[in-house]
Amino acid sequence: MEANQNGIATEKLLQRVVENARTGASACEQLIQRTRDGEMRGALRDLRGQYQDFERRAEHQLYAAGAHPAPVKPVDRAGMWLGIRLNTMSDASASHIADIAIQGANMGVVGMTRDLNDLSDASAEARALAQGFVAGQQRAVERLKPYL
């Protein structure tokens with residue numbers, strides 16, 4: 001029974017990494033399209049690449065465990081698209097774009113930290129990936145602060 005609990009917790013944690021990474025990459029893509037600042041665009045591209053790397057790594061671990069990543073819900077994607085469009089309609093400055101990205105990264109830190117606490121039975125490999133995701137989000141916040 002304990003091995004099954006571990007497998008369920010591992011799959012849930014990896015699914016959360018995939019979801020968070022997909023959300024972050026999608027948000028970065030939208031913010032890249034909204035900013036005119038070349039340096040900000042470069043920072044967002046780097047961040048998008050980091051999100052994509054975490055997504056691939058979590059998907060690989062899911063497949064290795066015999067599971068599959070959950071599909072993206074179109075409603076979630078549409079909601080984020082609309083939110084970013086509305087939020088940048090009147091202000092697409094580098095400062096405002098950085099603020100949006102920092103808020104998203106902070107939400108990722110809080111959510112993934114909660115997941116790590118709630119899914120303490122997950123495998124060491126899955127926990128290390130989730131902890132790396134949190135650390136990456138924290139580095140992203142520090143990288144984006146100068147744009148505020």
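All of the numbers you see were taken from the coordinates with simple rules; none came from a lab. Note that the structure is a prediction, hence the values are computed from the model and not measured. Virtual Cβ from ideal backbone geometry, glycine too; neighbours counted across all protein chains shown.
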Farthest towards the positive end of the dipole of the range 2-147, among Q15, T113, T88 and with Cβ unit charges of +1 on Lys and Arg and -1 on Asp and Glu, lies the Cα of T88
List the residues of the range 20-59 whose backbone N lies under 18 Å from a point placed 7 Å from the Cα of E142 along the Cα-to-Cβ direction. 43-44, 46-48, 50-51
Relative contact order of the range 2-147, please, whole-number percent, based on alpha carbon pairs below 8 angstrom and at least 6 residues apart. 39 percent
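Around R16, what is the net charge, scoring Lys/Arg as +1 and Asp/Glu as -1 over all other residues with Cβ under 15 Å from its Cβ? Walk me through the numbers on the way to the answer.
Details: positive: K12, R22, R57, K73, R114, R127; negative: E11, E19, E55, E59, D76, D115, D118, D121, E125.
Summing Lys and Arg as +1 and Asp and Glu as -1 gives -3.
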Rounded, prolate or oblate for the chain? Axes are the square roots of the Cα gyration tensor eigenvalues, ordered a ≥ b ≥ c, and the cut-off for rounded is a/c under 1.5. prolate
GNM, the chain, Cα, under 10 Å: largest mean-square fluctuation among L44, L13, L86? L86
Computed for the range 8-86: size of charge dipole around the Cα centre, +1 on C-beta of each Lys and Arg, -1 on C-beta of each Asp and Glu, debye to nearest 20, value 200 debye
Among Q50, Q61, Q33, which one moves the most in a GNM of the chain with springs linking Cα atoms closer than 10 Å? Q33
Under a point-charge model restricted to the Cβ atoms of Lys and Arg (+1) and Asp and Glu (-1), what is the dipole moment magnitude of the chain relative to its Cα centre, in debye to the nearest 20? 420 debye
Rounded to the nearest 0.05, what FRET efficiency is calculated for D118 and V72 with R0 set to 30 Å and r the Cβ-Cβ distance? 0.85
Once the Cβ-Cβ distance between D53 and V110 is put in as r, and R0 is 22 Å, what FRET efficiency do you end up with, to the nearest 0.05? 0.55
